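The values are calculated or read from the model by the stated rules, or taken from the named source; none is laboratory data. Please read these numbers as outputs of a predicted model, since none were measured by experiment. So basically every Cβ, Gly included, is an ideal-geometry build from the backbone, and we count neighbours across all protein chains shown. Side chains included, ligands, DNA and RNA excluded: accessible areas come from the protein's heavy atoms. Shrake-Rupley method; radii C 1.70, N 1.55, O 1.52, S 1.80 Å.
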Amino acid sequence: MTTPSPVVSQAAELLDTAQQAVTPVGTATPWPDLDLDEAYATQAALIARRHARGEHGVGLKLGFTSEAKMRQMGVDEVIVGQLTDGMQAADGGTIDMDALIHPRVEPEVAFLVGADVDLADPDVDLEAALTGVAAGLEIIDSRYDGFRFDLPRVVADNTSAAMFVLGPWRALDEVDLDDVPVTLRARDEVVAEGTTAAILGHPLRTLPRLVALGRRLGLRLPAGSVVLAGAATEAVALGPGAVSAEIPGLGSVRAVAVSDSAGPLGDGGGR
Ligand code: OOG
Ligand code: MG
């Protein structure tokens, strides 16, 4: 890896510190406008800092693969972020809200990569390397005040990635992913509804996008990697209590958000 430029290192440090201190960065970030390449370099530097603390890469996530998400956040380009083991919670496990600034939750379709994939190989067939698919939950937590960002800023912030939860894996060829309802529930109430077709028409259509982005950025997808295809619905503010996603025929996944601090929640509101 080339040494990041000072502005990239500074941006990565600021965002990393914001996450660890659970304190958002103001919208007027102290660095000049980053272009998309600098933003991905910042993301790489941010992830390198997490790896230096002992976390390990476990996969990649796509963002803005559905109209619902693009419209909600005012951006219109598919982006990629990186997942570490420190971000994963067990199915049915807890999400510590006190470690998060203004968390939102969204339902995901997750893929399991069964063999090493060389994204630099022009003939690579990512779909053929997939061995599993599962329902997932992603907890996003922008490190920017008010969840306000433009495309380079959200890329630099590792696409708002905070936590994720995976349901049981199913064999890919056993599951129909074509226009299947996706339901997000919080405390047993439906809070968002969509369909797998909202994800670029079909969740598998995200794969060429991931290959193209991963190739350009020199990302790796070793055997065992997880891929989050992107939310089919808008993200919803996460409050304390149970949250689950259900995709009939694929399965469901659940987590419980907990908080020690009483009183009104931060600015997780806005949808
Ligand atoms: C960025 C994350 C987008 C998705 O599934 O589209 C994303 C954000 O909305 O803050 O994870
Ligand atoms: Mg997502």
Loop sites in the range 54-152: trypsin sites (Lys or Arg not before Pro), DSSP, at most 15 other Cβ within 10 Å: 148
Calculated from DSSP helices alone, with each H run of at least 4 adding -39500 (n - 2.57) and the total divided by the residues of the chain, [θ]222 nm to the nearest 500 comes to -7000 deg cm²/dmol
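Whenever you get a sec, compute what percent of the accessible area on the chain sits on carbon and sulfur atoms (1.4 Å probe).
The nonpolar share, carbon plus sulfur, comes to 50 percent.
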Express the relative contact order of the chain as a whole percentage, based on alpha carbon pairs under 8 Å and six or more residues apart in sequence. 27 percent
What distance in nm lies between label points placed 7 Å from Cα along the C-beta direction at residue 195 and residue 223? 3.8 nm
Report, in whole Å, the centroid distance computed from the Cα atoms of the range 21-48 and the range 122-145. 22 Å
Determine the order of 102, 51, 202, 56 by accessible area, beginning with the largest, at a probe radius of 1.4 Å. 56, 51, 202, 102
Quick one: if you stick a label point 7 Å off each Cα along the C-beta vector at residue 256 and residue 174, how many nm between them? 2.8 nm
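What's the FRET efficiency of residue 56 with residue 76 using the Cβ-Cβ distance as r and R₀ = 30 Å, to the nearest 0.05?
With R0 = 30 Å, the Cβ-Cβ based efficiency is 0.40.
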Within the range 215-254, the residues whose backbone N lies under 16 Å from a label point placed 7 Å from the Cα of residue 118 along the Cα-to-Cβ direction are 215-216, 218-223
Leaving out ligands, DNA and RNA but keeping every protein chain, what accessible area does residue 23 have, in Å² rounded to the nearest 10, with a 1.4 Å probe? 80 Å²
Where in the range 25-115 are there GluC sites (Glu not before Pro) that are in a DSSP coil and have at most 13 other Cβ atoms within 10 angstrom of their Cβ? 77
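Counting Lys and Arg as +1 and Asp and Glu as -1, each charge on the Cβ, what is the dipole of the chain about the Cα centre in debye, to the nearest 20?
Computed about the Cα centre, the dipole is about 420 debye.
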Can you work out the Karplus-derived ³J(HN,Hα) for every residue in the range 32-38? Use 6.51 cos²θ - 1.76 cosθ + 1.60 with θ = phi - 60°, whole Hz, and x for glycine or proline. x, 4, 7, 8, 5, 5, 5
Cβ under 12 Å from residue 99's Cβ, residue 99 left aside: what net charge do those residues give with Lys, Arg +1 and Asp, Glu -1? -4
Which value, in Å², gives the accessible area per residue of the chain when a 1.4 Å probe is used on the protein heavy atoms? 42 Å²
Among 68, 28, 119, whose Cα lies farthest out toward the positive end of the dipole of the chain, if unit charges sit on the beta carbon of Lys, Arg (+1) and Asp, Glu (-1)? 28
Calculate the dipole size of the range 1-89 relative to its Cα centre from +1 charges on Lys and Arg beta carbons and -1 charges on Asp and Glu beta carbons; express the result in debye to the nearest 20. 320 debye
Show 165, 7 ordered by accessible area, largest first, where the area counts protein heavy atoms only and the probe is 1.4 Å. 7, 165
What FRET efficiency would be calculated for the residue pair residue 150, residue 23, taking the C-beta separation as r and a Förster radius of 22 Å, to the nearest 0.05? 0.60
Given Cβ point charges of +1 (Lys, Arg) and -1 (Asp, Glu) and nothing else, what value in debye, to the nearest 20, does the dipole of the range 140-271 about its Cα centre take? 580 debye
If you take the Cα atoms of the range 56-261, find Rg, then find the Kirkwood Rh from the mean of 1/r over all pairs, what is Rg/Rh? 0.93
